[in-house]
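Single-structure report; data block below.
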Amino acid sequence: MTESIDLKVKPDFIGHYKNHYPLINKDAVMNPGALAEEGALVHLVDGQGNFLGKGYHGKQNKGLGWVLSFNEKEKIDAVFFKNKILTAINKRQSYYKDEHTTAFRLFNGEGDGIGGLTIDYFDGYYLLSWYSEGIYSFRDKVIRVLDELGDYKGIYEKKRFDTKGQYIDDDDFVKGERGEFPILIKENGMNYAVYLNDGAMVGIFLDQREVRKAIRDQYAKDKHVLNTFSYTGAFSVAASLGGAVKTTSVDLAKRSKSKTIEQFSVNGIDFEQQDIIVMDVFDYFKYAKRKELKFDLVVLDPPSFARSKKHTFSTAKNYPDLIKDTLAILEKNGIIVASTNNASFGMKKFKGFLDKGFKDMKVKYKILEEYSLPSDFQVDRNFNQGNYLKVVILQKIN
Ligand code: SAH
């Protein structure tokens, strides 16, 4: 039998675990000092030593680890990992069958029963992301499952945890074919260039798939589109393919320009007909206002926190300002696609920020549509923070 460490849960938190809350919160445990090595199996118990859940120790943000099972008899072994991954794959059958979409999230952490691990599928390649040293200790078991399934091109991984300042001198390659990057994936018939060997961000955020489709199919035709915080310009590509007159992509990162040119090019779009601007978005708003530029459709997709030389932006504090800046350059009946991935607030609060922006400017609007995570980003219904994506599409009235 594997040794496991008993973690005593504070009285206030016992109800959470009885309701199958999956995160082993720092504040929930009376004896965190009992924890030593990451990857160790732990049992959550109440004051009388009664079983509440079992999981592993792995430090991740506010967590000390994740509960993997609320069933005292269930073993956390190779079979456990295999069953979770096979169940996740079964849930994604519609994605496997869709010839127009060749990239999706195959395994979404606690949403699929194992917090701290995600697996993305990119046209035959698996990308594993490990969010703690603890989950990384189960690496061999996870890779063995993928090996047994066979039929893949290659496996890459990202270690998204602090490796004590040590530089990890590898290119994230695990096994199989290395492949030639970029590989081209398809998403609802659009092409995107993806790099699995070049840092944490691969070129596309798969969770915005449905929003890109909506922009292409419903909102872009004959429009002048401004895409702020544009990264590789994925929304601009969708807009252009949807018949936008012109797109303007703005991002601070120098690399965004060549990356955006590449995404247009792999879709046969002449990038010289588009504007790709390396600039602080907040400076761009001032510039556009001064030049009296106007846009019919503006995409706002800022990171939760951003610090540039001149500005600090936090979605929780500054989203209303972002709306105000946008309204100053929005055409009559213009549309805003407002997005945030900040997990610290929910949809209701987000809509409050948007409403405040409009009210402060005394502008009327209506909400056309709302989006959250697509179904491949499975969410644990007992863990709201996992349901982080919020997208609201609004139209200015007049
Ligand atoms: N909307 C993108 C993802 C955005 S990621 C997509 O759908 O693919 C966030 C981006 O914001 C990063 O590329 C980063 O370089 C950029 N960024 C952060 N702060 C910025 C600022 N002040 N002005 C412009 N871009 C900024």
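Which residues in the range 345-373 have a backbone N closer than 17 Å to a point placed 7 Å from the Cα of residue 333 along the Cα-to-Cβ line?
Only 364-369 fall inside the zone, counting backbone N under 17 Å.
What's the FRET efficiency of residue 382 with residue 174 using the Cβ-Cβ distance as r and R₀ = 30 Å, to the nearest 0.05? Walk me through the numbers on the way to the answer.
Numbers: r = 32 Å, r/R0 = 1.05.
After rounding to 0.05, the efficiency reads 0.45.
If a paramagnetic tag sat 7 Å from the Cα of residue 5 along the Cα-Cβ line, which residues of the range 38-52 would have the backbone N under 14 Å from that point?
Inside the label zone: 38-45.
Length gain on complete extension for the stretch residue 26 to residue 149, per 0.36 nm per residue less the alpha carbon to alpha carbon distance?
Numbers: separation 123, 0.36 × 123 = 44.28 nm, distance 3.65 nm.
That works out to 40.6 nm of additional length.
Taking the radius of gyration and the Kirkwood hydrodynamic radius from Cα positions alone, what is the Rg/Rh ratio for the range 197-282, to two decimal places?
On the way: Rg = 12.0 Å, Rh = 12.7 Å.
For the range 197-282, the value is 0.94.
With a 10 Å cut-off between alpha carbons and a GNM built on the chain, which of 69, 308, 249 moves the most?
Largest GNM mean-square fluctuation: 308.
For residue 181 and residue 18, calculate 0.36 nm times their separation in residues minus their Cα-Cα distance, and state this gained length in nm to one decimal.
54.0 nm
Expressed as a rounded percentage, what relative contact order does the chain have, with Cα pairs under 8 Å and six or more residues apart?
11 percent
Sticking with the crude label model, points 7 Å out along Cα→Cβ, report the distance from residue 72 to residue 345 in nm, one decimal please.
Result for the modelled spin labels: 4.4 nm.
Under a 10 Å cutoff between Cα atoms, tell me which one of 184, 44, 149 has the largest fluctuation in the Gaussian network model of the chain.
Checking each option, the largest mean-square fluctuation is seen for 149.
Given the pairs 175/257; 317/359; 246/332; 97/153; 97/159; 309/362, which span a C-alpha to C-alpha distance of over 22 angstrom in this model?
Result: 175/257; 97/159; 309/362 exceed 22 Å.
Computed from the coordinates by the stated procedures, all read-outs in this text should not be read as laboratory data. Computed from a predicted model, the values in this text were never measured in an experiment. Here Cβ is always computed from backbone atoms with ideal geometry, including for glycine, and neighbour counts include all displayed protein chains.
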